[in-house]
Amino acid sequence: MTKTSLLGPWVRRFLLEYLVSERNLARNTQCSYRDTLKLLLPFVGRQTHKQVDQIALFDLSPDLVRLFLRYLEEGRKCIAATRNQRLAAIRSLARFVALYCPEYVEWYGQLRNIPLKRATRSSITYLEKSEMDALLNAPDQLTQQGCRDHALLLFLYNTGARADEAAQIKIADLLFAHSNRDHSLAEIRGKGNKLRRCPLWPQTVIELSSLIRSRPSTDYVFLNRCGRPITRFGVHTTVGRYVQRIVGRIPSLATKRVSPHTIRHTTATHLLRAGVDINTIRAWLGHVSLNTTNIYAEVDLEMRAKALATCEIRETIPLKHWKEDISLMKFLRAL
């Protein structure tokens, strides 16, 4: 068995060279591909009765991949979206191998023909303006932690940043205006290391300025209680803590699963309601495709349809036949 026929060396090159150097994918995407292979390789080893390091490329047959996908859904109770994500990672690995070894092009084509499963798209959860205001008012701004938490919630709502994007932002990424003619901005590095700039509200600037005062520009903006950079899990915990604090006063929140991504959906929905065009919202959120942003337009259309239904005229006066409309005929004859 030659070295090129073994799966292991290709996996190492795929994770360390292709994803990092050639594709420059975000760290979270790299971890997702890695996690797929951590599940796949032991499964293939069990099915082929081989050690993981002895698995050959052709052992990863289309039938075995289909069996792995069924195991994800039935054994691990993964939803269709997760199953499709794992399949996309396997396809990407096979494409990488075929790119450098043409003898595996047919093998790659067979794996590529495994179809994605149609996944039902879940409805978007967002907060109404009153709910978002209640969440922003939840932290006790008389305390140091409360000020930080309020600044974090305000930053999430202002920019529509993902949890990881908010956790990774540094002081040097905040570009505060020095005159009334300029706009304060936050440079956010999103998926695929794509950089975007989001305008900051004056109130956001005030709170962030207080938060980062006298700190070096290399520091992260949001720190935890120990003075270390907050993680994306810490951002999730912070949002969840304040939702639990106000859910008793805002009963509608009890039916919603609120996370940092819910605030991101809220930002997009509120921007759309304010009349901001869909392409600007796409750039604001860092979406690659406009199709992703169009989801919010569909949500807004549903809202408008519900509003229109409340104005619907329930009772209508039956129209008379034109021959029975005497007054109209008299009017016409009088002309």
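For the structure I just gave you, tell me whether Ala166 is at pLDDT 95 or above, out of contact with any Gly (no Cβ under 7 Å at 6 or more places or on another chain) and within 27 Å of Tyr296 (Cα to Cα). Give the steps one after another, and end with the answer.
Values: at pLDDT 95 or above: yes; out of contact with any Gly (no Cβ under 7 Å at 6 or more places or on another chain): yes; within 27 Å of Tyr296 (Cα to Cα): yes.
When the stated conditions are applied, Ala166 passes them.
For Phe96, are the conditions met, namely being aromatic (Phe, Trp, Tyr) and either over 30 Å from Ala80 (Cα atoms) or within 25 Å of the chain's Cα centre (by Cα) (or both)? If you could, list the steps in order and put the result at the bottom.
On the way: aromatic (Phe, Trp, Tyr): yes; either over 30 Å from Ala80 (Cα atoms) or within 25 Å of the chain's Cα centre (by Cα) (or both): no.
Spelling it out, it is not the case that Phe96 is aromatic (Phe, Trp, Tyr) and either over 30 Å from Ala80 (Cα atoms) or within 25 Å of the chain's Cα centre (by Cα) (or both).
Mind listing whichever residues of region 198-222 are surrounded by fewer than 16 Cβ atoms within 10 Å (Cβ to Cβ) and not in a helix (DSSP H, G or I)? If you could, list the steps in order and put the result at the bottom.
So the first thing to find is which residues in region 198-222 are surrounded by fewer than 16 Cβ atoms within 10 Å (Cβ to Cβ), and the list is 199, 201-203, 206, 209-210, 213-219.
Within region 198-222, Pro199, Trp201, Arg213, Ser214, Arg215, Pro216, Ser217, Thr218, Asp219 qualify.
Among the numbered criteria (1) aliphatic (A, V, I, L, M); (2) closer than 20 Å to Leu15 by Cβ; (3) surrounded by fewer than 15 Cβ atoms within 10 Å (Cβ to Cβ), which single criterion is violated by Val44?
(3)
Quick check on region 238-247. Is at least one of its residues closer than 18 Å to Asp140 by Cα, in a loop (DSSP other than H, G, I, E, B) and in contact with a helix residue (DSSP H, G or I) (Cβ under 8 Å, 6 or more places away or on another chain)? If you could, list the steps in order and put the result at the bottom.
First pass over region 238-247, keeping only residues closer than 18 Å to Asp140 by Cα: 238-247.
In the following step, the residues that additionally are in a loop (DSSP other than H, G, I, E, B) were identified as 247.
Then keep just the ones that are in contact with a helix residue (DSSP H, G or I) (Cβ under 8 Å, 6 or more places away or on another chain); that gives 247.
Yes: region 238-247 contains one or more residues that are closer than 18 Å to Asp140 by Cα, in a loop (DSSP other than H, G, I, E, B) and in contact with a helix residue (DSSP H, G or I) (Cβ under 8 Å, 6 or more places away or on another chain).
State which residue is nearest to Val235 (Cα to Cα) when the search covers only region 249-263 and only residues that are hydroxyl-bearing (Ser, Thr, Tyr) and assigned to a helix (DSSP H, G or I).
From region 249-263, those hydroxyl-bearing (Ser, Thr, Tyr) are 252, 255, 259, 262; that's our starting set.
Among the residues that remain, those that are also assigned to a helix (DSSP H, G or I) are: 252, 255, 262.
Details: Ser252: 22, Thr255: 21, Thr262: 12 Å.
So, considering only residues that are hydroxyl-bearing (Ser, Thr, Tyr) and assigned to a helix (DSSP H, G or I), the one nearest to Val235 (Cα to Cα) is Thr262.
Sort through Val97, Val105 and tell me the only one that's surrounded by 21 or more Cβ atoms within 10 Å (Cβ to Cβ), β-branched (Val, Ile, Thr) and either out of contact with any Leu (no Cβ under 6 Å at 6 or more places or on another chain) or assigned to a loop (DSSP other than H, G, I, E, B) (or both). Walk me through how you get there before you give the answer.
Details: Val105 fails: surrounded by 21 or more Cβ atoms within 10 Å (Cβ to Cβ).
Exactly one of Val97, Val105 is surrounded by 21 or more Cβ atoms within 10 Å (Cβ to Cβ), β-branched (Val, Ile, Thr) and either out of contact with any Leu (no Cβ under 6 Å at 6 or more places or on another chain) or assigned to a loop (DSSP other than H, G, I, E, B) (or both), namely Val97.
Residues of region 10-32 being of a type outside the set (A, V, I, L, M) and either closer than 21 Å to Thr231 by Cβ or exposed (fewer than 13 other Cβ atoms within 10 Å of the Cβ) (or both), which ones? Step through it out loud before you land on a result.
Kept after step one, since they are of a type outside the set (A, V, I, L, M), are these residues of region 10-32: 10, 12-14, 17-18, 21-24, 27-32.
Selection gives Arg12, Glu17, Ser21, Glu22, Asn24, Arg27, Asn28, Thr29, Gln30, Cys31, Ser32.
Can you name the residue in region 251-297 that is basic (Lys, Arg) and surrounded by 13 or more Cβ atoms within 10 Å (Cβ to Cβ) and, of all such residues, is farthest from Tyr126 (Cα to Cα)? Full working, then the answer.
To start, the set of residues in region 251-297 that are basic (Lys, Arg) comprises 256-257, 264, 273, 282.
Then drop every residue that is not surrounded by 13 or more Cβ atoms within 10 Å (Cβ to Cβ), which leaves 256, 264, 273, 282.
Values: Lys256: 8, Arg264: 8, Arg273: 13, Arg282: 17 Å.
Filtering first and then ranking leaves Arg282.
Given the structure, is Leu116 without any contact (Cβ under 8 Å) to a residue 40 or more places away in the chain, surrounded by 13 or more Cβ atoms within 10 Å (Cβ to Cβ) and in a loop (DSSP other than H, G, I, E, B)? Spell out the reasoning first.
On the way: without any contact (Cβ under 8 Å) to a residue 40 or more places away in the chain: yes; surrounded by 13 or more Cβ atoms within 10 Å (Cβ to Cβ): yes; in a loop (DSSP other than H, G, I, E, B): yes.
The answer is yes for Leu116.
Select, from Leu72, Leu99, Leu93, the only residue that is of a type outside the set (S, T, N, Q) and touching a Lys or Arg at 6+ places or on another chain (Cβ under 8 Å).
Details: Leu99 fails: touching a Lys or Arg at 6+ places or on another chain (Cβ under 8 Å); Leu93 fails: touching a Lys or Arg at 6+ places or on another chain (Cβ under 8 Å).
Just a single option satisfies the conditions, and that option is Leu72.
So which of Leu67, Leu39, Leu135 ends up being assigned by TED's automatic domain parsing to the domain that holds Tyr296, of a type outside the set (Gly, Ala, Ser) and assigned to a helix (DSSP H, G or I)? Quick ask: steps written out before the conclusion?
On the way: Leu67 fails: assigned by TED's automatic domain parsing to the domain that holds Tyr296; Leu39 fails: assigned by TED's automatic domain parsing to the domain that holds Tyr296.
The conditions single out Leu135.
Within the bounds of region 185-193, is there any residue that is more than 15 Å from Arg264 (Cβ to Cβ), within 25 Å of the chain's Cα centre (by Cα), of a type outside the set (Gly, Ala, Ser) and loosely packed, with under 14 Cβ neighbours inside 10 Å?
At the first step, the residues of region 185-193 found to be more than 15 Å from Arg264 (Cβ to Cβ) are 185, 187, 189, 192-193.
With the extra rule that they be within 25 Å of the chain's Cα centre (by Cα), the set shrinks to 185, 187, 189, 192-193.
Right, trim to of a type outside the set (Gly, Ala, Ser) and you get 185, 187, 189, 193.
From what is left, the residues that are loosely packed, with under 14 Cβ neighbours inside 10 Å are 193.
Yes: one or more hits.
Return yes or no: is Gln110 at negative phi and in contact (Cβ under 8 Å) with a residue 60 or more places away in the chain? Break it down into steps so the answer makes sense when it comes.
Values: at negative phi: yes; in contact (Cβ under 8 Å) with a residue 60 or more places away in the chain: no.
Answer is no for this residue.
The values are calculated or read from the model by the stated rules, or taken from the named source; none is laboratory data. Every value quoted in this text rests on a predicted model; they were computed, and no experiment measured them. Note that each Cβ is placed from the backbone with ideal geometry, even for glycine, and that neighbours are counted across all protein chains shown.
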